Amino acid sequence: MKRMRLLRSVRLLSSLMLVFSVSVAASAQRRDRDRDQGERWERLGQSRPDGRRDHDLVRVFARGGFRAIQLRVSGGAIEFQRVVVHFENGADTEVEVRDRVRSGAATRAIDLPGDQRRIRGVEIWYGKEGWGRSRPTLTIYGRR
């Protein structure tokens, strides 16, 4: 009899632990979703590297300041060698990317320094590759 009660207690405790852990995970996901809704990514510009040139300047016409940028790639991988963000106040900052980003992927969120967040353009140097007819597309996003 005592053993049956002990088994019931263990089952009840296990069930309560499972319900608690699921509710904590759901709460964390909801908190992340709510936070991200206030920090949406906005499309700033686009480039289509052709493999002949190793350098592009993407002009940004979005008004207002941005806290971070992200480079998204589609249609083929791009190897980034250097990325420089040009701000409206004349300042420039080089951001570390130096990575090969495969098609359908993106860089991490790249934080921008200080109060220099009004972006005029993003200059990109990338590895020359023979993409052939299917050239990749590079899209730059900003987060306010």
Is it the case that the stretch 87-109 has a residue that's part of a strand (DSSP E or B), closer than 19 Å to Asp54 by Cα and among the polar types (S, T, N, Q)?
no
Within the stretch 67-83, the residues that are under 15 Å from Leu138 (Cα atoms) and either among the hydrophobic types (A, V, I, L, M, F, W, C) or part of a loop (DSSP other than H, G, I, E, B) (or both) are Ile69, Leu71, Val73, Gly75, Gly76, Ala77, Ile78, Phe80, Val83
Only one of Gly51, Gly64 is assigned to a loop (DSSP other than H, G, I, E, B) and either modelled with pLDDT of 75 or more or under 15 Å from the mean Cα position of the chain (by Cα) (or both), namely Gly64
Looking at (1) under 13 Å from Arg48 (Cα atoms); (2) among the small types (Gly, Ala, Ser); (3) surrounded by fewer than 14 Cβ atoms within 10 Å (Cβ to Cβ), which is the only condition Gly75 fails?
(3)
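The values are calculated or read from the model by the stated rules, or taken from the named source; none is laboratory data. Fair warning: this is a prediction, and the values are worked out from it, not measured in the lab. Virtual Cβ from ideal backbone geometry, glycine too; neighbours counted across all protein chains shown.
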